[in-house]
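K.L.:
Pasting a structure below so you can have a look.
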Amino acid sequence: MATAHSDSSDPAFWSDVDRHLVRYGGTFTPEIISSAEGSFLRTEDGRRILDFTSGQMSAILGHSHPEVVETVRRQVGTLDHLFSGMLSRPVVDLARRLANTLPDPLQKVQLLTTGAESNEAALRLAKLATGKHEIVSFARSWHGMTQGAAGATYSAGRKGYGPTAPGNFALPSPNTYRPDFTTPDGTLDWRRQLDFGFDLIDAQSTGSLAACLVEPILSSGGVLEPPPGYFAALQEKCRERDMLLILDEAQTGLCRTGTWYAFERDGIVPDILTLSKTLGAGLPLAAVITSAEIEERAHERGYLFFTTHVSDPLVAAVGNTVLDVLERDDLAARATKLGDQLRTGLDRLASEHEVVGDIRGRGLLVGLELVADRSTKQGSDELGAAVTRRCLELGLHMNIVQLPGMGGVFRIAPPLTATEDELALGLEILDQALTDVTKGKST
């Protein structure tokens with residue numbers, strides 16, 4: 001990973017970066033961030049940058065939300081961390097409140113730290129409860145970097161690390177913009193694609209299919225939203241094979257898509273649900289949630305997921321504050337309203353810039369795919385990188401996903417607390433960046 005340096009940055013700082021930091025993917029943003037508040041970051045040299053990614057798609061209440069700050073100050077001074085077998089009121093309160101936001105039979109909660117950890121726990125629960133070990137995930141999936149989660153991750157990071165755990169299978173990702181199976185009118189024939197995918201899985205399976213772990217909207221996979229009806233059909237495929245359905249709502253959970261959980265659109269209830277990013281609103285908090293029946297079966301068989309920060313009271317208290325704000329301020333409705341404004345603005349950009357190939361997503365998780373040619377849908381890594389760079393120069397932080405066979409896809413995920421004026425500013429900067437890059441004016 002190359003380190004990009006800003007002309008205005010401290011050379012000694014970047015020398016320390018080159019000398020001492022492990023490079024862990026992509027490139028470091030060429031700014032030294034000194035503070036953040038609401039929808040904005042501030043650099044050491046005084047620049048304000050509008051954050052259109054909510055940090056790592058996590059800070060749904062914006063940065064340094066006053067109520068989160070107050071909770072951290074209060075809780076860290078009274079009870080921050082415990083022996084993993086000890087319990088506190090914030091932990092039990094958060095478990096109860098999360099269960100109350102979910103349909104039956106989801107009621108048993110384990111609080112952890114990251115999305116990878118919650119997915120790891122979900123996979124262990126599923127394998128133990130079913131007595132089987134094979135896991136199915138989308139071919140554009142991202143579930144984390146720990147062993148089980150990485151084994152179920154196909155969008156990146158599989159080369160060079162040796163074999164993953166046996167029994168991981170990839171299911172074709174339903175991409176309505178770039179369909180691989182088509183109906184006579186050229187749209188995605190997702191039913192035929194799903195049948196084909198499971199025909200291949202059945203041919204490879206040793207008869208030990210335990211679970212299907214998928215995201216309701218594939219974020220790192222290019223903000224791909226499976227069509228209505230897809231997840232009901234997928235759940236039926238799982239039921240036919242006595243598999244559990246695990247939904248990873250790291251980025252979609254807790255109001256971002258306009259409902260508390262993205263799966264609500266599809267009228268299904270997963271066997272296991274994982275939450276992370278949005279639950280802590282930027283702090284390391286995650287959860288795995290399942291039914292009493294699955295929890296009991298796993299417990300009887302010796303379920304073990306005893307970690308250093310399981311059930312930590314500090315972040316659990318923050319999770320309770322996050323729920324307070326989401327409920328009081330009706331941020332699900334706000335995500336729908338702001339999402340409509342964002343989508344309208346992006347549609348306008350698409351009408352003015354030929355390089356905008358597709359806009360997709362839901363609520364305040366939206367993907368904008370850039371292409372070099374609309375008719376062929378030919379992608380361009382250079383175009384995406386140039387627009388990202390120009391946006392940052394103009395004061396907007398954007399994240400672009402570059403995947404083989406696709407154009408660059410911007411993941412746009414502002415905080416749910418963003419204002420209409422902030423969204424308008426972001427759209428204005430993106431418009432300018434697209435204009436500058438396509439007309440060769442970017443620096």
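The values are calculated or read from the model by the stated rules, or taken from the named source; none is laboratory data. Just so it is clear, the model here is predicted, and its values are computed rather than measured. Here Cβ is always computed from backbone atoms with ideal geometry, including for glycine, and neighbour counts include all displayed protein chains. Please note that ligands, DNA and RNA were not included when accessible areas were found on the heavy atoms of the full protein model with its side chains. Shrake-Rupley method; radii C 1.70, N 1.55, O 1.52, S 1.80 Å.
K.L.:
Taking region 182-237, which residues are under 26 Å from the mean Cα position of the chain (by Cα), over 21 Å from PRO270 (Cβ atoms) and among the hydrophobic types (A, V, I, L, M, F, W, C)?
P.N.:
If the condition is that a residue be under 26 Å from the mean Cα position of the chain (by Cα), over 21 Å from PRO270 (Cβ atoms) and among the hydrophobic types (A, V, I, L, M, F, W, C), then LEU188 is the only one that fits.
K.L.:
Consider only pairs whose beta carbons are under 8 Å apart and that are at least six residues apart or on different chains; among these, list those whose first residue lies in region 241-268 and is assigned to a strand (DSSP E or B) and whose second residue is surrounded by fewer than 24 Cβ atoms within 10 Å (Cβ to Cβ) and not aliphatic (A, V, I, L, M).
P.N.:
As it stands, the answer is LEU244/THR130; LEU244/CYS238; LEU245/GLN235; LEU245/CYS238; LEU247/PHE263, since those pairs meet every condition given.
K.L.:
Quick one: ALA210 ticks every box in (1) assigned to a strand (DSSP E or B); (2) open to solvent by 10 Å² or more (accessible area, probe 1.4 Å); (3) of a type in the set (A, V, I, L, M) bar one, so which box is it?
P.N.:
Condition not satisfied by ALA210: (2).
K.L.:
Any residue at all in region 269-284 that is in contact (Cβ under 8 Å) with a residue 12 or more places away in the chain, in a helix (DSSP H, G or I), in the same structural domain as LEU200 (by the TED database) and surrounded by fewer than 24 Cβ atoms within 10 Å (Cβ to Cβ)? Quick ask: steps written out before the conclusion?
P.N.:
To start, the set of residues in region 269-284 that are in contact (Cβ under 8 Å) with a residue 12 or more places away in the chain comprises 269-284.
Cutting the leftovers down to in a helix (DSSP H, G or I) gives us 277-279.
Cutting the leftovers down to in the same structural domain as LEU200 (by the TED database) gives us 277-279.
Remaining after also requiring surrounded by fewer than 24 Cβ atoms within 10 Å (Cβ to Cβ): none.
Checked region 269-284: no residue is in contact (Cβ under 8 Å) with a residue 12 or more places away in the chain, in a helix (DSSP H, G or I), in the same structural domain as LEU200 (by the TED database) and surrounded by fewer than 24 Cβ atoms within 10 Å (Cβ to Cβ).
K.L.:
Give the residue, chosen from GLY302, GLY319, that is modelled with pLDDT of 95 or more, assigned to a helix (DSSP H, G or I) and not acidic (Asp, Glu). Step through it out loud before you land on a result.
P.N.:
Values: GLY302 fails: assigned to a helix (DSSP H, G or I).
It is GLY319.
K.L.:
What are the residues in region 53-76 that are closer than 15 Å to LEU254 by Cα, among the hydroxyl-bearing types (Ser, Thr, Tyr) and out of contact with any His (no Cβ under 9 Å at 6 or more places or on another chain), if any? Lay out the reasoning, then the answer.
P.N.:
Kept after step one, since they are closer than 15 Å to LEU254 by Cα, are these residues of region 53-76: 54, 57-62.
Then drop every residue that is not among the hydroxyl-bearing types (Ser, Thr, Tyr), which leaves 54, 58.
Correct list: SER58 only.
K.L.:
Let me ask another. Can you tell me which condition LEU106 does not meet? The list is (1) outside the structural domain of GLN204 (by the TED database); (2) more than 30 Å from GLY38 (Cα to Cα), and all the others hold.
P.N.:
In the conditions (1) outside the structural domain of GLN204 (by the TED database); (2) more than 30 Å from GLY38 (Cα to Cα), LEU106 misses (1) alone.
K.L.:
On to the next question. Could you grab me the full set of residues in region 238-253 that are farther than 18 Å from LEU123 by Cα and either of a type in the set (Val, Ile, Thr) or surrounded by 20 or more Cβ atoms within 10 Å (Cβ to Cβ) (or both)?
P.N.:
Applying the first criterion (farther than 18 Å from LEU123 by Cα) to region 238-253 yields 240, 251-253.
The answer is GLN251, THR252, GLY253.
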